[in-house]
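Trainee: Submitted below is the structure of interest, expressed as structure tokens.
The values are calculated or read from the model by the stated rules, or taken from the named source; none is laboratory data. Owing to the predicted nature of the structure, the values given are computational and were not obtained by experimental measurement. Cβ coordinates were reconstructed from backbone atoms using ideal geometry, including for glycine residues, and neighbour counts include every protein chain displayed.
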Amino acid sequence: MSGAVALPAAQRGALMIEVLVTIVICVIGLWGLTEVQVRLQLSEVESYQRSQALMLLEDMSTRLELNRIHAADYVTGSSSPLGTGTSCSTNTGTLAQRDLGEWCNLLQGVAESAGGSTRVGAMLGARGCIENIGTNRYMLTVAWQGMSPLVAPPSSVACGADAYDTSGTACTGDLCRRAVTTVVRIGNLSS
């Protein structure tokens with residue numbers, strides 16, 4: 001006798017099936033973990049872009065408040081935003097012109113570059129608008145391209161509207177446009 005135990009015919013291959021089922025379960029679990037990792041990375045990019053937008057919004061808000069006497073000179077309107085797709089002004093004749101030129105460059109990502117000339121320091125497709133909404137109030141908006149479709153910003157936020165729609169993808173109807181806004185109130189100090 002060799003000491004080997006003979007298995008009944010009904011049990012032959014059962015161990016192999018258990019191993020295959022275990023492998024399938026592990027593969028499904030790893031696939032789920034991969035999906036979670038991808039979603040986390042997208043969320044991280046979205047969060048980074050939002051924090052960059054908020055810093056640029058705060059930057060221009062401060063510039064506008066510091067030069068409140070000439071606040072009207074900062075108005076760009078929503079139809080002619082600064083940033084992506086525009087040439088930044090190099091005119092430094094007034095403080096407002098210098099501020100707008102610097103903000104335009106920041107929106108284009110001048111703070112960081114890759115390969116020497118490619119600007120990568122801002123959000124994807126960043127645009128900035130300054131609108132006069134009356135009674136010494138100015139609405140500042142920073143808009144950019146999101147990573148996946150969500151909900152379109154309200155129609156009252158027109159900066160970058162329809163600039164981020166991509167036909168043939170889920171990014172239509174401004175679903176991939178992200179925007180942050182603030183209102184700067186300029187006090188009337190003359191009375």
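Conditions (1) modelled with pLDDT of 90 or more; (2) loosely packed, with under 14 Cβ neighbours inside 10 Å; (3) hydroxyl-bearing (Ser, Thr, Tyr), marked per residue:
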| site | (1), (2), (3) |
| --- | --- |
| 141 | yes, no, yes |
| 157 | yes, no, no |
| 160 | yes, no, no |
| 173 | no, yes, no |
| 176 | yes, no, no |
| 182 | yes, no, yes |
| 190 | no, yes, yes |
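Trainee: Still on this structure, I have one more. Looking at this structure, is residue 96 at pLDDT 90 or above and under 13 Å from the mean Cα position of the chain (by Cα)?
Mentor: Answer is no for this residue.
Trainee: Got at least one residue in segment 143-155 being in contact (Cβ under 8 Å) with a residue 24 or more places away in the chain, within 23 Å of residue 73 (Cβ to Cβ) and either buried (at least 22 other Cβ atoms within 10 Å of the Cβ) or among the β-branched types (Val, Ile, Thr) (or both)?
Mentor: Within segment 143-155, one or more residues are in contact (Cβ under 8 Å) with a residue 24 or more places away in the chain, within 23 Å of residue 73 (Cβ to Cβ) and either buried (at least 22 other Cβ atoms within 10 Å of the Cβ) or among the β-branched types (Val, Ile, Thr) (or both).
Trainee: Filter segment 81-119 down to residues that are under 25 Å from residue 71 (Cα atoms), outside any helix (DSSP H, G or I) and in contact with an Asp or Glu (Cβ under 9 Å, 6 or more places away or on another chain), then give me how many there are.
Mentor: So the answer is 3.
Trainee: Within segment 56-71, can you find the residues that are part of a helix (DSSP H, G or I) and touching a helix residue (DSSP H, G or I) at 6+ places or on another chain (Cβ under 9 Å)?
Mentor: If the condition is that a residue be part of a helix (DSSP H, G or I) and touching a helix residue (DSSP H, G or I) at 6+ places or on another chain (Cβ under 9 Å), then 56, 59, 60, 63, 64, 65, 66, 70, 71 are the ones that fit.
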